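First up is the structure itself, then whatever we jot down about it.
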């Protein structure tokens with residue numbers, strides 16, 4: 001469930017686990033994100049995206065769920081930042097370092 005630490009020492013929780021709790025067990029994503037925030041933890045949104053994609057969710061649906069959850073807990077600026085970072089990571093994973101150097 002724990003996959004690492006961020007640069008600012010927040011604990012990173014596996015997005016696949018978070019997705020399973022939401023999709024399979026019905027735990028609202030907004031509540032999960034807020035509970036993790038209270039414990040100084042964050043979600044690995046790339047693994048969340050991949051888990052949702054693996055079960056057939058379309059990218060637009062995945063992004064809107066992530067944006068809604070982050071926006072409800074942290075506000076619109078954080079929602080935009082998470083969405084941008086997630087897109088960047090997905091492009092990097094798909095196209096390699098060459099693509100990521102164009103985005104910075």
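Where strands (runs of 3 or more DSSP E) sit wholly within the chain, those with at least 2 residues that are modelled with pLDDT of 80 or more and surrounded by fewer than 15 Cβ atoms within 10 Å (Cβ to Cβ) occupy 2-5.
Of all residues in the stretch 5-31, those that are more than 21 Å from residue 53 (Cβ to Cβ) have Cβ atoms under 7 Å from Cβ atoms of residues that are surrounded by 15 or more Cβ atoms within 10 Å (Cβ to Cβ), 6 or more apart or on another chain, in 5/11; 5/12; 6/12; 6/42; 10/41; 10/42; 11/41.
The values are calculated or read from the model by the stated rules, or taken from the named source; none is laboratory data. All values reported here derive from a predicted model rather than from experimental measurement. Because the Cβ atoms are built from the backbone with ideal geometry, glycine has one as well, and the counts that use them run over all protein chains shown.
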